[in-house]
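Asker: I am attaching a structure below and will ask some questions about it afterwards.
The values are calculated or read from the model by the stated rules, or taken from the named source; none is laboratory data. On a predicted model such as this, the values are computed, not experimentally measured, just so you know. In this analysis, Cβ positions are derived from the backbone assuming ideal geometry, glycine residues included, and neighbour counts consider all displayed protein chains.
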Amino acid sequence: MFFLSRFKKPAYFSAFRCTNYFLVSNLSTENNVKITNAENKLIQLLKQRFSKANAIYVSDISGGCGAMYNVTVITPEFKYISLVQQHRMVTDVLKEEIKEMHGLRIFTSHEPIAENNS
């Protein structure tokens, strides 16, 4: 059984400077990293749609201007749904916000990601 309190940020997020994320279990961010208003807005929209999510990650990777984001949603709601449909579900939630963005990287999964310890 997976315990949310033991969820660790996958190593590959560091490569994308993904430091701001929401853990559904305790409504907090790792190491008290400040979340921008724009990141928080995206998190709240995703939380509303994916209420069963294990984790929702949002990170502004544009240097703070809000032009590009990494978004990750890990939820059991994606089980048996194709990757393309999972991404469509995420983009449907963020369709108004996407209009103002230059780019969006989306990662989705139905199960928690094991941390890379290498």
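Asker: Return the pair list, or none, for Cβ contacts closer than 7 Å from residues in the range 100-118 that are among the charged types (D, E, K, R) to residues that are in a loop (DSSP other than H, G, I, E, B) and at pLDDT below 70, at least 6 apart or on different chains.
Answerer: Cβ pairs passing all conditions: Glu115/Lys8; Glu115/Pro10; Glu115/Ala11.
Asker: Could you list, ordered by first residue, the pairs with Cβ atoms under 7 Å in which the first is in the range 72-90 and aromatic (Phe, Trp, Tyr) and the second is in a loop (DSSP other than H, G, I, E, B), at least 6 apart or interchain?
Answerer: Going by the 7 Å Cβ cut-off, the qualifying pairs are Phe78/His110.
Asker: So, in the range 54-88, of the ones that are assigned to a loop (DSSP other than H, G, I, E, B), surrounded by fewer than 20 Cβ atoms within 10 Å (Cβ to Cβ) and modelled with pLDDT of 90 or more, which residue ends up farthest from the chain's Cα centre (by Cα)?
Answerer: It comes out as Tyr80.
Asker: For the subset of the range 89-114 comprising residues that are exposed (fewer than 13 other Cβ atoms within 10 Å of the Cβ) and part of a loop (DSSP other than H, G, I, E, B), which member is nearest to the chain's Cα centre (by Cα)?
Answerer: Glu111
Asker: Testing Lys8 on (1) over 22 Å from His102 (Cβ atoms); (2) modelled with pLDDT of 90 or more; (3) among the charged types (D, E, K, R), one condition comes back false. Which one is that?
Answerer: The single condition Lys8 does not satisfy is (2).
Asker: If I ask for residues that are surrounded by fewer than 14 Cβ atoms within 10 Å (Cβ to Cβ) and in a loop (DSSP other than H, G, I, E, B), which ones from the range 40-53 would you list?
Answerer: Ser51, Lys52
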